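**Student:** Got a structure for you, questions after.
All of the numbers you see were taken from the coordinates with simple rules; none came from a lab. Quick caveat: nothing in here was measured; it's all calculated off a predicted structure. Please note: Cβ atoms are built from the backbone with ideal geometry, for glycine as well, and neighbour counts cover all protein chains shown.
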Amino acid sequence: MRDSDFEFIRGLVYERSRISLSAEKRELVAARLGKRLRATKLDSISDYCALLKAPGAEEELANLIDVISTNHTFFFREIAHFDFLRQTIVPEMRARAAKERWSRFNVWSAASSSGEEPYSIAITLADCMPDFPWQIEATDISRRVLAKARDGIYKEETLGKMPRETVLRHFQKGFGPHEGNFRVKADLRNRVNFRHLNLLEGEPPFREPFQVIFCRNVMIYFDRPTQEELVNKLTRHLVPGGYLLVGHAESLTAIKHSLQSVRPATYRKPLSS
Ligand SMILES: C[S@@+](CC[C@H](N)C(=O)[O-])C[C@H]1O[C@@H](n2cnc3c(N)ncnc32)[C@H](O)[C@@H]1O
């Protein structure tokens, strides 16, 4: 890949998603662009850059962000967060709900990818809070992964170590041509609202604040000023005392924020702020 092409792609990706591509990512970027060259039937990355510069490139820009961003995820990833949700956050918020007259428990999965994270939250809440209303907002910049998430269909092998009874309670087993697939049951799917959102563009459209925000394994792709901007934006959408859960490889130590560190990868907005 020519230097000028890499610089162009790097600038465009940053402008559109704020994903920060360091020089070491050059080989990875070239490999991922290979997919788009095949799809667009172009011969070189330079031709592909020309396509992106031409009028009407909006759709291809979305495809570019799709191949560059990493969508890797799985059910109950970093399970300590789900244990903490069940054992600590839910009981604490239930106690506050009565006093503070909350009508609903709101959770946001801010980089939901193909749905494994928000559905893991939904399964946890359905099982430990059957008697209180809750709703999950799930957002991602990639329309491709959001379409998969809305379908809620997963291969059996991706259900991982989920106990059999959990799978039977919350998934429909596919038969015939759908053998080997499991679909999240409609009652759970209906409580997860998927929408397209660039976390760094404008203000998220939510009216109600969240008791918990999961923003995991996405900040790692952003530079420090962007991480700071994002954490402060997310904080504004938390109730006082609400929790922000980040990926275990992500730390907020290098950025300025107003959250309290509670345990690894777990932060809380002060009760009075
Ligand atoms: C590695 S996945 C993490 C999925 C899940 N949170 C987890 O921890 O398993 C990162 C996701 O962040 C999304 N993403 C990247 N940049 C984004 C942005 N600016 N706004 C919203 N989502 C973004 C990607 O499309 C991808 O699906």
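**Student:** In the chain, what % of DSSP beta bridges are antiparallel (nearest 5)?
**Tutor:** The antiparallel fraction comes to roughly 40 percent.
**Student:** Here's a follow-up. What distance in nm lies between label points placed 7 Å from Cα along the C-beta direction at N71 and L271?
**Tutor:** Going by the 7 Å Cα→Cβ label model, 4.2 nm.
**Student:** So for the chain, what are the equivalent ellipsoid semi-axes in whole Å, largest first, each being the square root of 5 times an eigenvalue of the Cα gyration tensor?
**Tutor:** Values: eigenvalues 233, 122, 46 Å².
Semi-axes from the Cα gyration tensor: 34, 25, 15 Å.
**Student:** Also, quick follow-up: For K173, list the aspartates and glutamates whose Cα falls under 13 Å from its own Cα; do not include residues on the same chain fewer than 8 positions away.
**Tutor:** Within reach: E156, E157, E165.
**Student:** Okay, which of the stretch 2-37 sit inside 16 Å, backbone N to the point 7 Å along the Cα-Cβ direction of L61?
**Tutor:** 8-19
**Student:** K173: net charge of surrounding residues, Cβ under 13 Å, Lys/Arg +1, Asp/Glu -1, itself excluded?
**Tutor:** That sum, taken over residues with Cβ under 13 Å, equals +3.
**Student:** Distance from the Cα centre of the stretch 126-140 to that of the stretch 1-28, in angstrom?
**Tutor:** Using only Cα atoms to place each centre, the spacing works out to 38 Å.
**Student:** Output the pairs from K25/K269; K35/K155; K41/K185 with a Cα-Cα distance over 28 Å in this structure; if there are none, say none. Don't jump to the answer; show the numbers that get you there.
**Tutor:** Details: K25/K269 35 Å; K35/K155 23 Å; K41/K185 39 Å.
Where the Cα-Cα span goes over 28 Å, the pairs concerned are K25/K269; K41/K185.
**Student:** Out of T166, T88, T253, any idea which swings most in a Gaussian network model of the chain, alpha carbons joined below 10 Å?
**Tutor:** Checking each option, the largest mean-square fluctuation is seen for T253.
**Student:** By per-residue mean of other Cβ atoms within 10 Å, what is the highest-first order of 209-216, 192-199?
**Tutor:** 209-216, 192-199
**Student:** Distance in nm between label sites at D223 and L52, each 7 Å beyond Cα in the beta-carbon direction?
**Tutor:** 1.7 nm
**Student:** For the ranges 104-113, 223-232, what's the packing order if you count other beta-carbon atoms within 10 Å of each residue, average per peptide, and put the highest first? Spell out each step's value before the answer.
**Tutor:** On the way: 104-113: 24.5, 223-232: 16.4.
My ranking of the peptides, most packed first, is 104-113, 223-232.
**Student:** Of Y14, S4, A39, which is farthest along the charge dipole of the stretch 1-54 in the positive direction, counting Lys and Arg as +1 and Asp and Glu as -1 at C-beta?
**Tutor:** Working it through, the farthest residue towards the positive pole turns out to be A39.
**Student:** Let me ask another. With r as the distance between the Cβ atoms of A249 and S22 and R0 = 25 Å, compute the FRET efficiency 1/(1 + (r/R0)^6) and round to 0.05.
**Tutor:** Plugging the Cβ-Cβ distance into 1/(1 + (r/R0)^6) gives 0.95.
**Student:** Calculate, in nm to one decimal, what K256 and L168 gain on full extension: separation in residues at 0.36 nm each, minus their alpha carbon distance. Present the calculation step by step, with values, prior to reporting the outcome.
**Tutor:** Values: separation 88, 0.36 × 88 = 31.68 nm, distance 4.43 nm.
Full extension from K256 to L168 adds 27.3 nm.
**Student:** So, one more: Can you give the helix-only mean residue ellipticity at 222 nm for the chain, where every DSSP H stretch with n ≥ 4 adds -39500 (n - 2.57) and the sum goes over all residues, rounded to the nearest 500 deg cm²/dmol? It would help to have the intermediate numbers written out before the result.
**Tutor:** Working: 11 runs with 112 residues, N = 273.
About -12000 deg cm²/dmol.
**Student:** What size of dipole, in debye to the nearest 20, comes out for the chain about its Cα centre when the only charges are +1 on Lys and Arg C-beta atoms and -1 on Asp and Glu C-beta atoms?
**Tutor:** About 640 debye.
**Student:** Tell me the label-point distance for the pair A31, E208, using the 7 Å Cα-to-Cβ offset, in nm and rounded to one decimal.
**Tutor:** Distance between label points: 4.3 nm.
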